[in-house]
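Heads up, the thing below is written out as structure tokens.
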Amino acid sequence: DGNDCFNAITFRNRLHYLFRRLLRAISIPGHRPLVFFMDDLQWADRASLSLLSSLVLESDHLNDDDEEGAHQSQLIVCSYRSNELDRSTELKTCLDTFEAAPSVRITNINLEGIDKSSTNKMISDTLKLPLRLTRSLANAVHTKSAGNPLFAKMFMVLLA
């Protein structure tokens, strides 16, 4: 029914508006800045990406005092696995829209995996053994984890 669709869109818009107003209420430029963090966006559903778009692209939740202060009162930080970005066309479209928006400033930080020597240092520190004794284990762990420190740690836990 067309009326139900209208009601759902109206409800979503109101929810987004109220959430933006909540953020405005709890963030005060120069006093209480707000950092809003969304993790693992590659798994975000359509509703979450819609809310994120509302936060990024709408400005009614920013404080009106002065233009500089408004942009300093809230920081939205998102993380996603770039190797899974092609699986989520909705996320890709969302990020492209943010990149194209003139009012949005985006800073991309790409995190690479750690190298073999860093993996060895991590294992050496964990096991409290000299680097030379943990090198072969570190090579195996680095290969299995592809340099991802979280995966390396999880793999070490499985070995224990």
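Overview of results
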| quantity | calculated |
| --- | --- |
| Count - residues of the range 108-117 that are of a type in the set (D, E, K, R) and either under 19 Å from the mean Cα position of the chain (by Cα) or exposed (fewer than 12 other Cβ atoms within 10 Å of the Cβ) (or both) | 2 |
| Members of the range 96-107 found to be part of a loop (DSSP other than H, G, I, E, B) and either open to solvent by 100 Å² or more (accessible area, probe 1.4 Å) or among the small types (Gly, Ala, Ser) (or both), listed by number | ALA101, PRO102, SER103, ARG105, THR107 |
| Qualifying residues in the range 123-136 (those that are assigned to a helix (DSSP H, G or I) and open to solvent by 60 Å² or more (accessible area, probe 1.4 Å)) - the one farthest from VAL157 (Cα to Cα) | ARG132 |
| Count of residues meeting criterion [over 15 Å from GLU58 (Cα atoms) and in contact (Cβ under 8 Å) with a residue 24 or more places away in the chain] in the range 84-117 | 12 |
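This table checks each residue for (1) under 26 Å from GLU84 (Cβ atoms); (2) touching a residue at least 40 places away in the same chain (Cβ under 8 Å).
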site	(1), (2)
ASP4	no, no
LEU23	no, yes
PRO29	no, yes
PRO33	no, yes
ASP45	yes, no
SER50	yes, no
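The values are calculated or read from the model by the stated rules, or taken from the named source; none is laboratory data. It should be emphasised that the depicted structure is a prediction, and the values quoted were computed from it without experimental measurement. Ideal geometry is used to build each Cβ from the backbone, glycine not excepted, and the neighbour counts take in all protein chains shown. Note: accessible area is taken over every heavy atom of the protein model, side chains too, but ligands, DNA and RNA are not part of it. Shrake-Rupley method; radii C 1.70, N 1.55, O 1.52, S 1.80 Å.
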